[in-house]
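What follows is a short report on a single structure.
The values are calculated or read from the model by the stated rules, or taken from the named source; none is laboratory data. Owing to the predicted nature of the structure, the values given are computational and were not obtained by experimental measurement. Here the Cβ is made from the backbone with ideal geometry for all residues, glycine too, and neighbour counts use every protein chain on show. Accessible surface areas use protein heavy atoms only, side chains included; no ligands, DNA or RNA. Shrake-Rupley method; radii C 1.70, N 1.55, O 1.52, S 1.80 Å.
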Amino acid sequence: MLLIDCPHCGARDETEFACGGEAHIARPLAENTISDAEFAEYLFWRDNPKGVFLERWCHTAGCRRWFNAARDTVTHEFIEIYAMGSLPKSKAAKDAYASAWRRQTASEKAAKPAQKTSGKGAKS
Amino acid sequence: MNIKSPKQGQMRLSDGGRINRKNPVSFRFDGKTFAGFEGDTLASALLANGVHLVGRSFKYHRPRGILTAGYDEPNALVEIGQGNQQAPNIRATEAMLYDGLTAKSQNRWPTLGFDIGAVNSLLGRFFPAGFYYKTFMFPAVFWKNIYEPIIRKAAGLGRAAKDHHDADRYEKTHRHTDVLIVGGGVSGLMAALSAAGSGARVMLVDDANELGGWMLSENNTTIDGKPALNWIKQTVKALEAMSNVTILTRTQCFGYMDHNFLTLAEKVTDHLPQRPDHLPRQRMWKIRAKHVVLAQGNHERPLIFGGNDKPGVMMAGAVRSYINCYAVLPGRRAVIYTNNDDAYKTALLLDDVGVKVAAIVDQRPTPSSVLVSQAMARGMVVHTGHAVLDANGTRHVGTLKIAAINPKTGDVTGQPFYIDADLVAMSGGFTPVVNLHSQARGKITWDDEQVCFRPSDYHEAAICVGACNGVFDLKGAMTDAAVGGAMAAMAAGFTAEAVMTPAVDEPSMVMRPHVLWKMPSDAVKGQEPKAFVDFQNDVTASDIKLAVREGYHSVEHVKRYTTNGMATDQGKLSNINALGILSDQLGKPIPEVGTTTFRYPYTPTTFGAIAGRDIKELFDTERLTRMDAWHRQHGAEFEHVGQWMRAWYYPIDGETMEEAVNREVKKTRTHAGILDASTLGKIDFRGKDAGEFLDRLYTNMFSTLKIGRCRYGLMLKDDGMVMDDGVTTRLGENHYHMTTTTGGAANVLSWMEEWLQTEWPELDVYLTSVTEEWSVTTVSGPNARKILEALGCSVSLTDDAFPFMSYQDANLAGLPVRIFRISFTGELSFEINIKARHGLALWQHLMKAGEPFGLTPYGTEAMHVLRAEKGFIIVGQETDGSVNPHDLGMSWIVSKKKSDFIGKRALERKSMALNNRKQLVGIKTEDPKAIIPEGAHAVLDPHQSYPMEMLGQVTSSYYSPVLGHSVAMALLKGGHAMKGQTVWFPMINGKKPIKAVITDTVFYDPKGDRING
Ligand SMILES: [Zn+2]
């Protein structure tokens, strides 16, 4: 059973938490038009890497707050735990973020306002 | 000596041992009464009485005896206890004896001595390696009529108690510790001294009845110039005196999971004749340790020869245990069979206590240690470069066939000869216990020098010390453990020092076993005697060879094909021998063959300990409404809805369920009904963006809702499928009250929190679950208004003053309430919310005021009929996660104006609008009395051949007492375009298919006139 360091409550047993799956899946904005297949990248496609994985956790039986974590799926080591809405800072987690296939998808591009070129992805 | 009848066993020595001779006890085994002493295990007491035959083997029902003296015992599994305290598969070598203990042997029929199943031995061809897999390939009829009955008889170990209500109590407990030490032998004790000296919280756990481990079985070792037992006693005393040390005996660590989470099973009262009420029988400990020290020692390996499973064949070390710990002689005339020096200690001890050592058979061509010389000096015959080929004897070993061999190839080189013996003490080398280390994903490495695997890399914060780290000599092990204990404490954040290793004197020995994986035999190829590798699973050396011949080369495949190392034993004794044979067959060194995964649990653990107190009424929370007592007083039957207990129906005067429900439905439609709706999920919304958030959550618009008005909403997941529904009311400018389904309340709240926290954190919205703040009573039916008026309501209830889908704060019977005019029955309805604690009072007021108006309590079943008559859906019944609003015929609720809501884009997918999607329709049977079972599938032609082309399934189906016919809803492919068509519902068990016609979903009051009473 994993020991998870809730940023609000401290280290607690895994049974107190719910894993919310892959983090940083940006939700396409309604103002942008994308195809059904492109929308499916957001809706259905999930990463399942062997190694560093950025995922969301919720301390359901505790403070009920969501946070992000970078976890190695092979060793179960938590490399970094960071706030919802922020990006990881450690090198391994940053690399995992940058190299994720999702970064190149149309659905992620559609999560940014149509006219602007900068801006954060909504779901982080 | 105070001996009560029956007489103590004839194989008991007159003195010595760690038993309490002052407390003789009697016990029963297979109906016979025997005597033993407190401090005995069942195994030692049986051996003291000359009983070796204690069970039959798993597959061949071969007679089996006691092989070891500890938890690694594969053979001597027995049933202990009676009635609802009976437990199967207890190792006799672990079961502490108490007065009145009752044990039975397993796997035998009709008696242990004469077992019909032993015929299986003669039917050996039925049970070669992989027989399960091969058997499955036969035609089904063979399986059912021939193989299954045989296998059923043969398979399985002990029986669970016939009475399933376990009389014993179990507990679970959690503990954080700095250092957990698994294994209380000399190494564990040394590690504990070092770790505890630092001030760290230390837990020291051992499976045995007392600390000391293997050293309790040795008689020729001194520490600090005194017998080792003195040092153990003194060290245990020192540790017990330390407040930061917790010692648990009879406690087996059986699991090692991620992040240093370990599970222990403590046998609290298993060893007691009377189990005190205040103690659980067993306790499961869940430990989170900063650092773990594994000091579990090693397992002695058997040697592989024909008949090596016969009663009387024992591990050489176990023989020393029985003599030194229990003062029991396991035989009168012994042969030692070994490939290392350690077994010579057994030879010398046997000689000390007067057992004739008929011969020492040593595979090694030129053994030359002090121990060997000592044995020879005492006149023992040592056959070097020899092997035991076969052990004969029916229920006990009698004669051994021995021959000279080529020590490298194992080929028999000499003329075989025979020696009589009733005890064979064998030693095939030593295997460090790396099981838990491996379970925790630590790596192991092959040690060619010591011929064993030992730990290399750690995955968790842990360290292996002593023999389980491959350090076999006592002084080395103690030093290794002292250092390991200190390192563990330091890793846990303490300043620690390794304690000094005391002076140690033990016989100098060569522990390294001679390597010969091939089984020496002079038999014709293919007719070698059965030589067991895995005793518990009845896997022989030839099974492994057969698996290799049949193409199984991967160690994991061989394990599954032969079942070697599976089941409760998990290969404790057999692993290395199996790998050795495999490596020999494949011509590959062992490290290249690899090893199998060590699985959880390390030793069998009772389900009782794992379940603890989480059984019966404590298994899950039961939630009751404030009106629960009233429902019970009035004879309600209940149903579970999620964790809630809801009144299902209220039978009167012996009514059947059908009669009661029909009455409740009719009365509600003609007069009035009252329902306890307190279980509905209720969520309070506040914040300036509450309306905006609701717009994004629901398919329809809520921000435009006027204060004091209610609106029904449908919630989708982002894939466009219906997730929940309910009525939301605007209580104030930035204040809403949402209701959800009873079962969906917790999910909906978490789901909304997720969107607020992860997707739209900029929204100013606060959600609070208020489900249990409010008791909710629904009064429904044409007389509903009159009843509330009769009770004295502070607000006007007329349609103009209080229209449908509106809400008002009011006083009812002098109590402050929130009244919502909403309806789930289609009748005039008021849903009255009151502070939870007043719920019962209000209910009773309403019942009284309603009496002249025919007010009838109705349960959830009538509620379902009432809503089904109106075609109202229930999420989770009409929907299953693959149903969108269009499928339900509810396109009207999907806003076209809103730019976004959860599920909007997904609903626009082409696949969401296909005509052949399953769509919700009404179903009316031709026979008005026929009620189609929910889940029944619709077909167009009931006479078509199988598999029939199915259109979809019935989701709700009831009899409507008001309409006089059944009503049903179904999800049918393209159903919306099929209204008026006939469909059939084929039935099972030869019943005739039910004919029905597709209709609209609203059966009752389609124009909705009754909503205003
Ligand atoms: Zn928390």
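Some notes on this structure:
- Calculated SAXS-style log₁₀ I(q)/I(0) at q = 0.08, 0.09 Å⁻¹ - chain B, Debye, Cα scatterers: -0.91, -0.99
- Size of the B/A contact, given as accessible area buried on both chains, probe 1.4 Å, in Å²: 2300
- Chymotrypsin sites (Phe, Trp or Tyr not before Pro) restricted to segment B:785-890 and DSSP loop, no more than 16 other C-beta within 10 Å: B:F804
- Residues whose amide H comes within less than 5 Å of that of B:D420, counting only those at least five positions distant or on another chain, are B:L400 (H built at 1.01 Å from N in the peptide plane).
- Take every Cα pair under 8 Å whose residues are at least 6 apart in sequence, average their separation, divide by the length of segment A:12-124, and the relative contact order is 34 percent.
- Distance violations [Cα-Cα > 22 Å] among B:K104/B:K572; B:K443/B:K559; B:K162/B:K616; B:K22/B:K345; B:K345/B:K475: B:K104/B:K572; B:K22/B:K345
- B:K706-B:E772 FRET efficiency (beta carbon distance; Förster radius 30 Å; 0.05 resolution): 0.55
- Per-atom-type breakdown for the protein assembly as shown gives carbon and sulfur 53% of the accessible area (1.4 Å probe, protein chains only).
- Taking every protein chain into account, the accessible area of chain B amounts to 40 square angstrom per residue (probe 1.4 Å).
- With each label modelled as a point 7 angstrom along the Cα→C-beta vector, the A:C19-B:D880 pair spans 2.8 nm.
- Contact order relative to length of segment B:914-1013, as percent, for alpha carbon pairs under 8 angstrom and 6 or more apart: 36
- Set of lysines near B:K995 by C-alpha distance (under 23 Å), chain-local residues within fewer than 8 positions excluded: B:K870, B:K918, B:K924, B:K929, B:K973, B:K979
- Cβ-derived FRET efficiency at R0 60 Å, B:H943 paired with B:K7, nearest 0.05: 0.15
- Cα→Cβ-extended label distance, 7 Å offset, between B:L624 and A:H76, nm: 4.0
- Cβ-derived FRET efficiency at R0 35 Å, B:R332 paired with B:E506, nearest 0.05: 0.80
- Rough spin-label spacing in nm, given labels placed 7 Å along Cα→Cβ, for B:D277 and B:D522: 6.9
- Those residues of segment A:1-44 whose amide nitrogen sits under 16 Å from the label point placed on B:T597, 7 Å along Cα→Cβ: A:1
- Placed amide H near B:S956: partners under 5 Å, 5+ positions off or other chain: B:M969
- Mean shadow area of the protein assembly as shown over all directions, Cα convex hull, nm²: 53.3
- By the rule of a C-alpha distance below 18 Å, with chain neighbours fewer than 8 residues away ignored, the aspartates and glutamates paired with B:K356 are B:D420, B:D422.
- Sparse-neighbour loop sites [chymotrypsin sites (Phe, Trp or Tyr not before Pro); segment B:588-685; at most 15 other C-beta within 10 Å; DSSP]: B:F619
- When each of the peptides B:388-396, B:958-966, B:166-174 is scored by the mean number of other C-beta atoms lying within 10 Å of its residues, the order from highest to lowest reads B:388-396, B:958-966, B:166-174.
- Neighbour net charge for A:F78 - beta-carbon separation under 9 angstrom, K R +1, D E -1: -3
- Semi-axis lengths, Å, segment B:770-889, gyration tensor of Cα atoms, sqrt of 5 times eigenvalues: 27, 16, 15
- When the P(r) is computed for chain A, the part past 19 Å accounts for 50% of the Cα-Cα pairs.
- Each residue of segment B:373-385 is assigned a 3J(HN,Hα), and the resulting list reads 4, 4, 4, 5, 4, 7, x, 6, 8, 10, 8, 7, x Hz, derived from the Karplus form 6.51 cos²θ - 1.76 cosθ + 1.60 (θ = phi - 60°), x at Gly and Pro.
- Inter-centroid distance (Cα atoms) of segment B:388-403 relative to segment B:410-425, Å: 8
- Accessible surface area normalised per residue over segment A:7-109 is 49 Å², counting heavy atoms of protein chains with a 1.4 Å rolling probe.
- For segment B:818-827, backbone phi angles converted through the Karplus equation (6.51, -1.76, 1.60; θ = phi - 60°) give residue-by-residue couplings of 10, 10, 10, 9, 9, 9, 10, 10, x, 8 Hz, Gly and Pro being listed as x.
- Take each residue of peptide B:258-265, count the partner chain Cβ atoms within 10 Å of its Cβ, and average: the result is 3.
- Residue-span extension gain [B:T670 to B:K588] - 0.36 nm each, minus C-alpha spacing: 20.9 nm
- Relative contact order of segment B:30-88, taken over Cα pairs closer than 8 Å and 6 or more residues apart, is 20 percent.
- Relative to the longest principal axis of the Cα atoms of chain B, the long axis of helix B:342-352 lies at roughly 60 degrees.
- Folded to 0 to 90 degrees: helix B:474-491 orientation relative to chain B principal axis, Cα: 30
- Legend: residues in segment B:750-783 shielded by at least 50 square angstrom of accessible surface upon adding the remaining protein chains to the isolated chain (1.4 Å probe, heavy atoms) are B:E754, B:Q757, B:T758, B:E759.
- Segment B:500-561 and segment B:715-780 have Cα centres separated by 64 Å.
- Sparsely packed loop sites in segment B:683-772 (the trypsin sites (Lys or Arg not before Pro) outside DSSP H, G, I, E and B with at most 11 other Cβ atoms within 10 Å) comprise B:K688, B:K706.
- Heavy-atom accessible area order for B:D927, B:D1009, largest first, 1.4 Å probe: B:D1009, B:D927
- Where a label projected 7 Å from the Cα of A:E31 along Cα→Cβ would reach, residues of segment A:87-117 with amide N under 13 Å: A:110-117
- Computed helical MRE - 222 nm, the protein assembly as shown, DSSP H runs ≥ 4 contributing -39500 (n - 2.57), nearest 500: -5500 deg cm²/dmol
- Label zone (B:M950, point 7 Å along Cα-to-C-beta; backbone nitrogen cut-off 15 Å) within segment B:960-980: B:970-973.
- Centre separation in Å (Cα based) which lies between segment A:10-66 and segment B:336-384: 67
- Overall dimensions of segment B:263-331, expressed as equivalent-ellipsoid semi-axes from the Cα gyration tensor (√(5λ), whole Å, largest first), are 33, 21, 12.
- Chain B: angle of helix B:657-670 to the longest principal axis, Cα-based, in degrees nearest 10: 30
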